[in-house]
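A short write-up of the structure that comes next.
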Amino acid sequence: MIRTGLELVPKLGMITIGQAPRTDVAPFLLRQLEGRAELVQAGVLDGWSLEAIETELSPAGSSYMLTSRLADGQAVVVARDKIMPLLQRKIAELEAQRIRHILLLCTGVFPGLQAASAHLIEPDRVLTPAVAALAGNRRLGVICPLHGQADALQAKFAEYGVEPVFASASPYTGNWQDFAAAVKELKGRADVLLLDCMGYTEGHRNWVTALSGLPTILSSSLMSKLVSEVIA
C-alpha cells in the first residue's frame with residue numbers, strides 16, 4: 001500500500017492480455033477510483049516481441065481467440081490456451097507483491113483461472129449476467145473485436161437465457177467506417193448494444209451511439225464503476 005496523508009491506499013492489480021501500460025483504458029479506471037487505490041499494471045505479453053507472439057501464441061484451427069494491444073499500440077491475436085499459463089503466472093507475481101485485488105482486463109471466459117490469496121475479478125463473471133439482466137426483454141446486439149469470436153460469445157450468453165446478435169469492429173484497428181458497418185449489420189435486430197471488450201473506449205461508445213441511436217453499454221465503463229465500489 002501507499003500512504004496518502006494519514007491513510008493507507010490499497011493497490012489494485014490490473015492484468016491485460018497484451019502489454020502494460022494500457023494508456024488507452026487505464027485513465028478511465030483511475031478516474032473512477034478517485035485516488036482510493038494505486039493501480040499496478042501488468043501484461044501477459046510483457047517482454048514478448050511481435051515475432052515471438054505470432055510464432056508461439058497465435059490461434060490455430062478452432063482455438064478460442066483473444067485480441068489485445070501491445071505497448072506500441074499494435075494489435076495482436078492470441079490463443080487462450082496458449083496464454084493461460086502466462087496469465088496464471090502474472091496473477092502469482094501480483095500476489096507476491098501482496099496485492100489483494102486483481103482485475104483482469106478482458107471480457108473473455110477463462111475456465112480454471114485461480115488466485116491463491118487475492119480477490120480475482122473476472123469481467124465475464126460480472127458483466128455477462130449484469131448485461132443479461134439490464135437488457136431484460138430487449139434484443140441485445142453485441143459488438144466484439146473479431147468475427148471469429150461470435151460462437152464463443154453466444155455460448156456465454158446462452159447460460160443466462162440470452163441470444164444476442166453479433167457484429168465485429170476492433171477497438172485497436174477499427175475506424176469509424178468499421179463501426180458504421182457493424183452498426184448497420186445490427187440495425188433493426190437489436191434494441192440495446194454491448195461493446196464486449198475491455199479495449200473499447202468512450203470514443204467508441206460515442207461513435208456507436210451516434211450511429212445507432214441505441215443505448216450502448218461500454219464494458220470498461222461498467223466494470224470500472226463496479227470495481228471502484230469494492231476498493232477501499
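Points worth noting:
- When the stretch 60-73 is filtered for residues that are farther than 13 Å from ASP151 by Cβ and surrounded by 18 or more Cβ atoms within 10 Å (Cβ to Cβ), the ones remaining, listed by number, are LEU66, THR67, SER68, ARG69, LEU70.
Condition check ((1) within 21 Å of PRO85 (Cα to Cα); (2) touching a residue at least 40 places away in the same chain (Cβ under 8 Å)) across all residues:
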{"residue": "LEU8", "(1), (2)": "no, no"}
{"residue": "LEU33", "(1), (2)": "no, yes"}
{"residue": "ARG36", "(1), (2)": "no, yes"}
{"residue": "LEU45", "(1), (2)": "yes, yes"}
{"residue": "LEU50", "(1), (2)": "yes, no"}
{"residue": "LEU57", "(1), (2)": "yes, no"}
{"residue": "SER62", "(1), (2)": "yes, no"}
{"residue": "THR67", "(1), (2)": "yes, yes"}
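- Selection count where residues are outside any strand (DSSP E or B) and within 15 Å of MET14 (Cβ to Cβ), scope the stretch 114-128: 5
- Counting only helices (runs of 4 or more DSSP H) wholly contained in the stretch 1-105, the ones carrying 1 or more residues that are among the β-branched types (Val, Ile, Thr) occupy 50-56, 80-96.
- Each residue in the stretch 14-31 was checked for being free of Cβ contacts under 8 Å to residues at least 12 places away in the same chain and in contact with a strand residue (DSSP E or B) (Cβ under 8 Å, 6 or more places away or on another chain), and 1 pass.
- The listed residues are GLN114, GLN97, GLN74, GLN88, and the only one of them that is under 20 Å from GLY174 (Cβ atoms), in the same structural domain as ASP24 (by the TED database) and of a type in the set (S, T, N, Q) turns out to be GLN74.
- Scan of the stretch 133-155 for residues that are open to solvent by less than 30 Å² (accessible area, probe 1.4 Å), modelled with pLDDT under 95 and either more than 20 Å from ASP81 (Cα to Cα) or in a loop (DSSP other than H, G, I, E, B) (or both), ordered by number: ALA135
- Exactly one residue out of ALA118, ALA167 is open to solvent by less than 40 Å² (accessible area, probe 1.4 Å), in contact (Cβ under 8 Å) with a residue 12 or more places away in the chain and over 21 Å from ARG69 (Cβ atoms): that is ALA118.
- Extreme residue, farthest from SER228 (Cα to Cα), among residues of the stretch 21-51 that are among the charged types (D, E, K, R) and under 20 Å from the mean Cα position of the chain (by Cα): ASP46
- Filter result for the condition that a residue is in contact (Cβ under 8 Å) with a residue 60 or more places away in the chain, in contact with a Lys or Arg (Cβ under 8 Å, 6 or more places away or on another chain) and of a type in the set (A, V, I, L, M, F, W, C), over LEU94, LEU105, LEU134: LEU105
- Residue match in the stretch 205-224 (condition: of a type in the set (D, E, K, R), out of contact with any strand residue (DSSP E or B) (no Cβ under 9 Å at 6 or more places or on another chain) and surrounded by fewer than 23 Cβ atoms within 10 Å (Cβ to Cβ)): no
The values are calculated or read from the model by the stated rules, or taken from the named source; none is laboratory data. For clarity, every value in this text was computed on a predicted model and none was experimentally measured. So basically every Cβ, Gly included, is an ideal-geometry build from the backbone, and we count neighbours across all protein chains shown. Quick note on the areas: whole protein, heavy atoms, side chains included, nothing else; ligands and nucleic acids left out. Shrake-Rupley method; radii C 1.70, N 1.55, O 1.52, S 1.80 Å.
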